[in-house]
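Report on the following structure.
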Amino acid sequence: WLPEEQLEMFRVDGFYSIELSPELKIIGVNSNMCLTYNFFLLLEWQDPGTELAWLVQELLASELKGQKVHLLSHIPPGNDDCLGSWGREFSKIINRFEGTVMAQFYGHTHNDEFMVFYDSEDKDRAVNFGFVAPSVTTYTNLNPAYRMYTVDGGYEGASYRVLESETYIFNMAEANSAGEATEPEWYKLYTATQDLGMENLFPQSWDKLVRDMATDETLYNKFFKYYNQDVPQLLRTKYDIICSLVTTSNLDRSKCEEILGPAP
């Protein structure tokens with residue numbers, strides 16, 4: 001679906017940008033440039049492929065035109081599989097262009113998560129956030145899932161913010177029991193605003209959700225059900241899960257300590 005110019009850039013560098021309209025640009029960020037077991041980073045680790053410098057120029061061009069941007073990537077920048085220095089510099093870029101980057105979409109963990117970005121000066125102010133979508137693959141011991149987003153767009157002056165997020169799954173154990181002749185039954189697991197008690201999907205609402213879950217065990221248990229695609233398993237502690245929601249560089253876990261206290 002990419003035009004030839006963007007396709008050629010993707011073949012060479014693994015990242016690209018494409019203007020869907022004068023109002024919206026899509027930028028594909030190649031997170032292999034921060035992957036800790038990408039051994040080629042030993043040869044060029046500061047800004048591999050000059051991707052971050054390129055990203056700044058793309059965002060600046062959009063900012064000057066009043067154009068909004070959605071970022072597509074794979075590894076969340078705060079994940080342990082991403083170089084902490086890369087995540088730190090990427091977070092600075094998101095902070096600088098908070099009025100341009102309207103949505104971020106990630107995967108990699110296979111769990112249903114999100115991450116909140118904070119102002120580098122006023123560290124209590126949430127400036128952006130990223131969706132970390134659940135996986136269709138069942139690795140490990142999960143139900144297949146997919147996500148649908150409602151975006152404010154299609155008219156002059158639209159914000160291109162995500163207004164709603166709906167997640168669907170099917171029960172893998174039941175599907176296997178039913179046999180190959182029976183199609184799996186997909187159903188809606190949850191709607192973000194309704195089931196997580198959120199006023200909207202702005203960064204400040206995600207920050208509030210994290211803080212509420214730190215002390216409200218009922219709310220956290222509901223989120224944990226969604227986090228695991230409705231499969232009861234305890235592979236990570238509550239501290240680790242909530243900490244990942246407010247970490248955008250694994251070099252800095254200060255927000256975890258602020259909200260949750262010292263790591264156990």
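The values are calculated or read from the model by the stated rules, or taken from the named source; none is laboratory data. Owing to the predicted nature of the structure, the values given are computational and were not obtained by experimental measurement. So basically every Cβ, Gly included, is an ideal-geometry build from the backbone, and we count neighbours across all protein chains shown. Just so you know, the surface numbers come from the protein's heavy atoms only, side chains and all, with ligands and any DNA or RNA stripped out. Shrake-Rupley method; radii C 1.70, N 1.55, O 1.52, S 1.80 Å.
Values for this structure:
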{"quantity": "Residues satisfying the stated conditions in the range 215-229, i.e. open to solvent by less than 40 Å² (accessible area, probe 1.4 Å) and out of contact with any Gly (no Cβ under 9 Å at 6 or more places or on another chain)", "calculated": "Y220, F223, F224, Y226, Y227, N228, Q229"}
{"quantity": "All positions within the range 107-124 that are touching a Phe, Trp or Tyr at 6+ places or on another chain (Cβ under 9 Å), open to solvent by 10 Å² or more (accessible area, probe 1.4 Å) and touching a residue at least 40 places away in the same chain (Cβ under 8 Å)", "calculated": "N111, E113"}
{"quantity": "Given (1) under 27 Å from R147 (Cα atoms); (2) surrounded by fewer than 18 Cβ atoms within 10 Å (Cβ to Cβ); (3) touching a helix residue (DSSP H, G or I) at 6+ places or on another chain (Cβ under 6 Å), number of the condition P3 does not satisfy", "calculated": "(3)"}
{"quantity": "Filter result for I242 (in a helix (DSSP H, G or I), under 26 Å from N95 (Cα atoms) and open to solvent by less than 10 Å² (accessible area, probe 1.4 Å))", "calculated": "yes"}
{"quantity": "Failed condition for K208, given (1) open to solvent by 10 Å² or more (accessible area, probe 1.4 Å); (2) within 19 Å of the chain's Cα centre (by Cα); (3) under 23 Å from Y149 (Cα atoms); (4) touching a residue at least 40 places away in the same chain (Cβ under 8 Å)", "calculated": "(4)"}
{"quantity": "Matching residues in the range 33-67 - criterion: being outside any helix (DSSP H, G or I) and not hydroxyl-bearing (S, T, Y)", "calculated": "C34, L35, N38, L43, E44, W45, Q46, D47, G66, Q67"}
{"quantity": "Some residue of the range 173-191 being open to solvent by 30 Å² or more (accessible area, probe 1.4 Å), closer than 30 Å to N128 by Cβ and at pLDDT 95 or above", "calculated": "yes"}
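Here is a yes/no grid of residues against (1) among the polar types (S, T, N, Q); (2) part of a strand (DSSP E or B); (3) closer than 20 Å to K208 by Cα; (4) without any contact (Cβ under 8 Å) to a residue 12 or more places away in the chain:
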position: M102; (1), (2), (3), (4): no, yes, yes, no
position: T138; (1), (2), (3), (4): yes, no, no, no
position: R147; (1), (2), (3), (4): no, yes, no, no
position: G154; (1), (2), (3), (4): no, no, no, yes
position: Y160; (1), (2), (3), (4): no, no, no, no
